[in-house]
Amino acid sequence: MLFDDIGIDLKKAMKDRDLFKTTLLRSILAVFKNEAIDKHKVDSGLAEDEMLTILKREVKKRKDSVLQYEKGARADLAQKEKDEIILIQKYLPAEIDAVQLKKIVLEVITEMGAVIPSQFGIVMKNVMAKTGGGVDGALVSKLVKEALLQQVTD
């Protein structure tokens, strides 16, 4: 289980006196616990998919921070955020590449039949369901828009 894996890695980081990993993993576990408290799931804990959603959100926050630090010419802080992203992504399932994702988008549109651009949300929902949510939503959105526009022009 994800929570246990992070806990094991935290113990190892503490033994190795790796301050960077220790701090990051503690903060992730704290986010999990806070989310469990917010959802009144202190006793049962969070489900695996809820923890994955939290990790994706944490990666997204750090990517936004990287952009801001790079705009502010703070390469040192941007690099720290990039290192955190790499460590967090270790716990996430491998993302589907753009080529595979495009095939999935086209499959979903084919399965749905005649799709019009106003059904964008439905196509997005079906693609995300088919991929298990293990993809970048912005990339899915871009590919769905392209596919729907191409279908209209054909």
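Just so it is clear, none of the values below were taken in a lab; they were calculated from the coordinates. Remember, it's a predicted structure, so these values are computed and weren't measured experimentally. Counting neighbours? That spans all protein chains shown, and the Cβs are built from the backbone with ideal geometry, glycine included.
Converting phi to 3J(HN,Hα) with the Karplus coefficients 6.51, -1.76 and 1.60 and the offset θ = phi - 60°, the stretch 83-95 yields 5, 5, 4, 4, 5, 5, 5, 4, 8, 9, x, 4, 7 Hz in sequence order, with x at every glycine or proline.
In order along the stretch 73-78, the Karplus-derived 3J(HN,Hα) couplings, from 6.51 cos²θ - 1.76 cosθ + 1.60 at θ = phi - 60°, round to 6, 10, 4, 5, 6, 4 Hz, and Gly and Pro are given as x. Within a straight-line Cα-Cα reach of under 16 Å, Lys145 can be paired with the following aspartates and glutamates, leaving aside sequence neighbours fewer than 8 residues apart in one chain: Glu107, Asp136, Asp154.
Dipole magnitude for the chain: computed about the Cα centre from +1 point charges on Lys and Arg Cβ and -1 point charges on Asp and Glu Cβ, it is near 420 debye.
Karplus-based coupling profile of the stretch 40-46, in residue order and whole Hz: 6, 10, 4, 6, 7, x, 7, with θ = phi - 60° in 6.51 cos²θ - 1.76 cosθ + 1.60 and x standing for Gly or Pro.
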